[in-house]
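The values are calculated or read from the model by the stated rules, or taken from the named source; none is laboratory data. Being a predicted model, the structure only gives us computed values, none of them experimental. All Cβ positions, glycine included, derive from the backbone under ideal geometry; neighbour counts span all protein chains shown. Just the protein is used for accessible areas: all its heavy atoms, side chains included, with ligands, DNA and RNA removed. Shrake-Rupley method; radii C 1.70, N 1.55, O 1.52, S 1.80 Å.
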There are 2 protein chains.
Amino acid sequence: MQLSCINYVCNMSEALKTILKSHNLRITDCRMDVLRYFLDKKGALSQGNLENRFTQYDRVTLYRTLNSFLEAGILHKIPNESGTATYGLCHDTCTPEYHLHNHIHFKCNNCGQIECLDDEEAPSVSVPKGYVTERVNLIVDGVCAKCV
Amino acid sequence: MQLSCINYVCNMSEALKTILKSHNLRITDCRMDVLRYFLDKKGALSQGNLENRFTQYDRVTLYRTLNSFLEAGILHKIPNESGTATYGLCHDTCTPEYHLHNHIHFKCNNCGQIECLDDEEAPSVSVPKGYVTERVNLIVDGVCAKCV
DNA sequence: TTTTTTGATGCAATTAAGTTGCATAAACTA
DNA sequence: TAGTTTATGCAACTTAATTGCATCAAAAAA
């Protein structure tokens, strides 16, 4: 199941379950809610965002939910300067073994929102002789379309 | 005074003082030691690194030293996934008003060292219509030349 | 369906990072 | 040197990240 197709699926709950199952994760209320929230929001979220949204769950549970999604390859961590970890949905092509995120992360300096610009390919990067590139993370900040 | 020339200067202490003065910072032991350490190490450092190295200074003092260097434009913050802020020396061309860091930050997944690859220009990045780019941060991870 | 096994959750508690206020000490200025 | 400005150390607080453990729920087996 491709994550980007989820909103066209009639039965959202069934779709969420399929996603969790396909990543070998048990189906729980917390995971269903968090996954649905990520799909709705489309932007990146921090643990703090989840704590505000889902007060019915313990913050440790949310912490472990994020971690299990990270390990499963459903989410990826987005580097930033603030010190607070933010997470974004992985591309459909990601598997637990092979994460590929050569898209751009955009942070709006006005509204603070972080988005994954999936349609913009990150350019290729050259590193000095002797260095081996594994992953490329591109973070652009500025003003997003909504705030201009 | 160009920071990259510092190691060719005969009198290191005088050079450090000149750098601090030119950024309108008072000359103190802590600032001298921290600045010298950054110049020696060449790589990026976290507050924790400084706390381990300079046990004679209070951690709040080191925290404020890093902040004053940030504001002065001597250091820049490097975004990363770990949640711990890391700092690198600014290019010679940086001023407090105008920071430009379109070089690559490289994090070695083996030794954990973060470096600024000043010689590698970051490629230009295109963002979707309606978005305005202010800064570009490029973080590459992999294996550095020493660890290959 | 019931039982068993495996894994998730909530709570308590700890560690570490980031941050502020304030009194004192040191650096700069006149 | 005297006076002014700023840095430092200490105490304290906030928040994020993290672990252990008992309990509870989900999946698998019977």
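Answer with yes or no whether B:Leu62 is within 12 Å of DNA strand D (Cβ to nearest atom) and modelled with pLDDT of 95 or more. Judged against the criteria, B:Leu62 is a match. Residues in the stretch B:114-125 that are open to solvent by 30 Å² or more (accessible area, probe 1.4 Å) and modelled with pLDDT of 85 or more: B:Glu115 only. Search the stretch B:115-133 for residues being of a type outside the set (Lys, Arg), in a loop (DSSP other than H, G, I, E, B) and on the phi < 0 side of the Ramachandran plot, and hand back the single one that is nearest to the other protein chains (Cβ to nearest Cβ). Across the stretch B:115-133, the extreme among qualifying residues is B:Pro123. Taking residues in the stretch B:16-34 that are within 9 Å of DNA strand C (Cβ to nearest atom) and at pLDDT below 95, and partners anywhere that are open to solvent by 70 Å² or more (accessible area, probe 1.4 Å) and basic (Lys, Arg), not one pair has Cβ atoms closer than 6 Å while being at least 6 places apart or on different chains. In the set (1) more than 9 Å from DNA strand C (Cβ to nearest atom); (2) within 22 Å of B:Lys107 (Cβ to Cβ); (3) open to solvent by 10 Å² or more (accessible area, probe 1.4 Å); (4) part of a helix (DSSP H, G or I), the condition left unmet by B:Glu51 is number (1).
Test of understanding: among A:Leu45, A:Leu35, A:Leu75, which residue is within 14 Å of chain B (Cβ to nearest Cβ), open to solvent by less than 10 Å² (accessible area, probe 1.4 Å) and more than 10 Å from DNA strand D (Cβ to nearest atom)? Steps first, please.
On the way: A:Leu45 fails: within 14 Å of chain B (Cβ to nearest Cβ); A:Leu35 fails: within 14 Å of chain B (Cβ to nearest Cβ).
Answer to the selection: A:Leu75.
Within the stretch B:23-48, the set of residues being over 30 Å from B:Val140 (Cβ atoms) and assigned to a helix (DSSP H, G or I) comprises B:Asp29, B:Cys30, B:Arg31, B:Met32, B:Asp33.
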